[in-house]
Amino acid sequence: MDVADETPPASPQDSDADFEAKSYYYGLPSKPISIYHTGAAWKRPTGPEAQRVPKEARPICVHPIADVWDELGPQFPEYLDSVNVKWTTIDVTRFAEVEKDAGPVFLWVGVKPGSLSRENAEVAAVGCKKLLEGFELPDIEVAFRESLFTRSAGPQLLNYVSSVHATADVRSPLTPALGLHIAAQATPHLEGTGGIYIREGAKVFVLTARHVVIPPNARCNELYSRTKASQVRRDVFLLGSKAFQEELKSIMLGIERQAILVDHYKEELKGLGEAEAKERKRFEDLLQEAEEAVDTLSEFHGEVAKYWSAESLRVLGHVAHSPPISVGTGPKRFTEDWALIELDGEKIDWKAFKGNVIDLGTKISVADFTLKMYPHPTARTSLKYPRGRLLQLRDVIKEDELRHPTMLDANGEECLLVVKNGNSTGVTLGRATGIMSFVREYFKDGAHETSMELAIYPYGNKDGAFSAPGDSGAIIADGKGRIVGLLTGGAGQTESTDVTYATPFYWLFDERIKEHFPNAYLYPVTT
């Protein structure tokens, strides 16, 4: 795939060589720079109304070179490597002026920008021509141009916007903020959550629960580790089938809400007299804001539908490592249910990446979040609502504090108040207990297994469940940005969850993940 360079357009003042370099491929999408080509010399347009004639590249299916390409083709990379040409692509094509017959066949070689001079390209072209002549294909020409190859990875995850931006809430599922809505490509209907970013060397991983990306199966509950590029990838993408449709619906709902406000503000303005200037100005400002929001959300809906609809464009990476699910693991008898997804690097704008942050969204107001997460007055004097509503995760709560919390609730009693952002329930607040729970899972054959889990309860009876199916893999943290655990499941009589369970992160990271990835560390805090 060609990538457009920021190349200035050709001008009448350019020399013939410079003008040809910028104009020879005029009409192609990326406007590549021509370095050298064999065959007929290029003629510069002349006359008072001279204009460059657009070209297009055309595919070749039937030609003598097709019959020998399997033998001839591999010789070109070997030859170009031998003369130190930093080639990026080798194509066989024809060029034609738009709506006209195509010209001769070309061996079209792309090279890294700035890596090949015209003189060296001419030498390399002679060598390529000799290879062609050896297969009795002397009429095929050779051309070199500047071009880069990039994988068609789809759009990068979106950058964050402020809380007052019209797309603040609906944009969050398409950003790198923790609580990534993920699904395995093999099972797009089974959705879960990407929990936290972990780094080892140049690789960046997203931690999730194994059962999110490798559905439980007693016959296949074994170690999965992709250590060779030749192994089949288990791709994971952002937004499963249901989540993507929900994203589009949420944007449309936002548009409808703003449209209702537009009508409301217009009606209010009709009823205001000229003497009520202050109120009129207020409603005029609100009307303008709502109209702008409709336009912004409508444009955003179009972009999401266009650039994110295909599952292939939403691929985040692939499962790199996942041990079998086990319960009652080790002396502490915790559940081991985790997988690391290796990110495709081009999906993230690393210059704008904020690291491990939870986007607190706008559904819980700043005041409500602060009062609930820091209920004791002394805590609110030292802990503030995070700037940009992005709660930066900086540390891990160790075992002693999990069992003996130091936070105080409104009554001055010890507690551990927590927050998470999950695929199903979004941002919710809860209360973690200091006493580990026993969890027993029963199987179809009558067998059962028991493990210890960290339990999290809803914040209060008016706040709803802390989690629901689809939230597995989410990271749970406290208001100081310290990591508590990895959400693995919940309990309740129906699909509604009364108690959420998590594997303590201090154990999961230090004793399990680092056993396989000894140099792993949490993605560093960014500024």
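The values are calculated or read from the model by the stated rules, or taken from the named source; none is laboratory data. In this text the structure is predicted, and so the values were computed from the model without any measurement. All Cβ positions, even for glycine, are placed from backbone atoms using ideal geometry, and neighbour counts span all protein chains on display. With ligands, DNA and RNA removed, areas are computed over all heavy atoms of the protein, side chains included. Shrake-Rupley method; radii C 1.70, N 1.55, O 1.52, S 1.80 Å.
Worth a mention:
- Computed with a 1.4 Å probe over protein heavy atoms only, the accessible area of residue 384 comes to about 140 Å².
- Equivalent ellipsoid semi-axes, region 430-527, via Cα gyration tensor eigenvalues times 5, rooted, Å: 25, 20, 11
- From its DSSP helices (H runs of at least four residues, each -39,500 (n - 2.57)), the chain gives a residue-normalised ellipticity at 222 nm of -7500 deg cm²/dmol.
- Here the spin labels are modelled as points 7 Å beyond Cα on the Cα-Cβ line, and at residue 60 and residue 119 they lie 3.0 nm apart.
- Convex hull volume of region 255-388 per residue (C-alpha atoms, cubic angstrom): 249
- Gained length - residue 366 relative to residue 349, 0.36 nm times residue gap less alpha-carbon distance: 3.3 nm
- Each principal axis of the Cα cloud of region 182-325 was taken in turn, and the coordinate range along them, longest first, works out to 76, 31, 26 Å.
- Share of pairwise Cα-Cα distances greater than 31 Å in the chain is 60 percent (whole percent).
- Potential lengthening between residue 230 and residue 268 on full extension [0.36 nm per residue; Cα-Cα distance subtracted]: 7.1 nm
- Volume of the Cα convex hull of region 311-372, divided per residue and given in Å³: 202
- When nucleic acids and ligands are ignored and a 1.4 Å probe is applied, residue 175 ends up with an accessible area of around 0 Å².
- With the simple model of a label 7 Å out from the Cα in the direction of the Cβ, residue 510 to residue 220 spans 3.5 nm.
- Cα-based helix-to-principal-axis angle, 118-134 vs the chain, degrees rounded to 10: 80
- Heavy-atom SASA rank of 78, 342 (probe 1.4 Å, accessible area, largest first): 78, 342
- Filter on 242/480; 347/384; 372/462; 351/398 - keep pairs with C-alpha separation over 23 Å: 242/480; 347/384; 351/398
- Taking Lys and Arg as +1 and Asp and Glu as -1, the other residues whose beta-carbon sits under 10 Å from that of residue 144 total 0.
- Relative contact order (%) - criterion: Cα under 8 Å, at least six apart; region: the chain: 13
- Helix 241-270 vs. the chain, principal-axis angle (Cα, 0 to 90°, nearest 10): 80
- Figure legend: label point modelled 7 angstrom from the Cα of residue 30 along Cα→Cβ; residues of region 82-119 with amide N under 19 Å from it are 85-96, 106-118.
- Rolling a 1.4 Å probe over the protein heavy atoms of the chain, with every protein chain left in place, gives an accessible area that is 51 percent carbon and sulfur.
- Each peptide in 182-193, 512-523 was scored by the mean count of other Cβ atoms within 10 Å over its residues; highest first, the order is 182-193, 512-523.
- When 61, 128 are compared by accessible area of protein heavy atoms, the largest-first order is 61, 128, using a 1.4 Å probe.
- DSSP beta bridges in the chain [antiparallel fraction, %, rounded to 5]: 90
- Modelled label positions at residue 249 and residue 135, each set 7 Å beyond Cα in the direction of Cβ, lie 5.5 nm from each other.
- Relative contact order of region 177-217, defined on C-alpha pairs under 8 angstrom at six or more residues apart (%): 34
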